[in-house]
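Taking it in order: structure first as structure tokens, then the write-up.
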Amino acid sequence: MGPMGKQSLSSVPAPMGGSCLLLLFCLRLGTSCPQSCQCPDHDGAVAVHCSASDLQEIPKDIPANAVLLKLDANKIARVPNGAFQHLSQLRELDLSQNAIETIGPAAFSGLAGGLRLLDLSHNRIRRIPKDALGKLSAKIRLSHNPLHCECALQEALWELKLDPDSVDEIACHTSVQEEYVGKPLIQALDAGVSFCSTHHKTTDVAMLVTMFGWFAMVITYVVYYVRQNQEDARRHLEYLKSLPSTPVSKDPLSLAP
């Protein structure tokens, strides 16, 4: 083979090892499955099953093409901000039967458009994270949580799309109105009960007490001021009485030189 042939072969670029490794890494990332989970693939749609896997936090290596994510029956206590932001194709998220108490305000960012069902039932949620759930169009299950029935909860529920199959199981664990403890929340709201009116009444009472306090202080000051002036006037009168008096002659002739 002549020099020209050798030069032609040498001019052919060799495969770039770095690019191949990066491509393999990306492919592996897209098809990875968290440890102790199962990820069956159905025509490119991945369902991630991590139920009862003794998880204490949400896995970080969930496949980006997951459409179903089951994290139920674990020991997850909090949902941090951005926990699912890379799962734009997710349609159903099951977080039921955990120990969730805290949900970050941006916990479900990236899911607002596609998510269809969010199951948060059987957890330890006392207050609804309005900022986290208010932007979702998904049906939300909140039954069997120790909810505190108050004005903030009532206002949050107005913005949520609750799952009709479990909405009757949402009950007041504690309440600003004790007569509704243990009773279904939705039934109370449908009957016209307003936890916000109690809140407003409490605020009004506090304002009245504050105004009465200021009024009492003003009255006390006025009474003190009047009594102090009366005391000063009495002392001044006593002082005038204590001055020696000069006798005045009643005979007009005594004034003549």
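Looking for something aliphatic (A, V, I, L, M), open to solvent by 40 Å² or more (accessible area, probe 1.4 Å), free of Cβ contacts under 8 Å to residues at least 40 places away in the same chain and in the same structural domain as Ala112 (by the TED database) - is there at least one such residue anywhere in the range 146-155?
Yes, the range 146-155 contains at least one residue that is aliphatic (A, V, I, L, M), open to solvent by 40 Å² or more (accessible area, probe 1.4 Å), free of Cβ contacts under 8 Å to residues at least 40 places away in the same chain and in the same structural domain as Ala112 (by the TED database).
Looking at Val181, is it surrounded by 10 or more Cβ atoms within 10 Å (Cβ to Cβ) and modelled with pLDDT of 90 or more?
yes
Being within 21 Å of Ala171 (Cα to Cα) and assigned to a strand (DSSP E or B) narrows it down to one residue among Leu69, Leu93, Leu118; which is it? Quick ask: steps written out before the conclusion?
Values: Leu69 fails: within 21 Å of Ala171 (Cα to Cα); Leu93 fails: within 21 Å of Ala171 (Cα to Cα).
Answer to the check: Leu118.
Out of Ser96, Ser88, which single residue is among the polar types (S, T, N, Q) and surrounded by 17 or more Cβ atoms within 10 Å (Cβ to Cβ)?
Values: Ser88 fails: surrounded by 17 or more Cβ atoms within 10 Å (Cβ to Cβ).
That would be Ser96, the only listed residue that is among the polar types (S, T, N, Q) and surrounded by 17 or more Cβ atoms within 10 Å (Cβ to Cβ).
Scan the range 102-118 and report the pairs whose first residue is within 16 Å of Pro129 (Cα to Cα) and of a type in the set (Val, Ile, Thr) and whose second residue is assigned to a loop (DSSP other than H, G, I, E, B) and open to solvent by 10 Å² or more (accessible area, probe 1.4 Å), with Cβ atoms within less than 8 Å and a gap of 6+ or a chain change.
Thr102/Ala77; Ile103/Pro129
For the range 67-80, check the following and say yes or no: at least one residue is open to solvent by 20 Å² or more (accessible area, probe 1.4 Å), under 30 Å from Val176 (Cα atoms) and small (Gly, Ala, Ser).
yes
Please determine whether any residue of the range 116-138 is acidic (Asp, Glu) and over 21 Å from Ser51 (Cα atoms).
Taking every residue of the range 116-138 in turn, at least one turns out to be acidic (Asp, Glu) and over 21 Å from Ser51 (Cα atoms).
So Glu159 ticks every box in (1) open to solvent by less than 40 Å² (accessible area, probe 1.4 Å); (2) part of a loop (DSSP other than H, G, I, E, B) but one. Which box is left unticked?
(1)
The values are calculated or read from the model by the stated rules, or taken from the named source; none is laboratory data. Being a predicted model, the structure only gives us computed values, none of them experimental. FYI the Cβ positions are ideal-geometry reconstructions off the backbone, even for glycines, and counts take in every protein chain you see. With ligands, DNA and RNA removed, areas are computed over all heavy atoms of the protein, side chains included. Shrake-Rupley method; radii C 1.70, N 1.55, O 1.52, S 1.80 Å.
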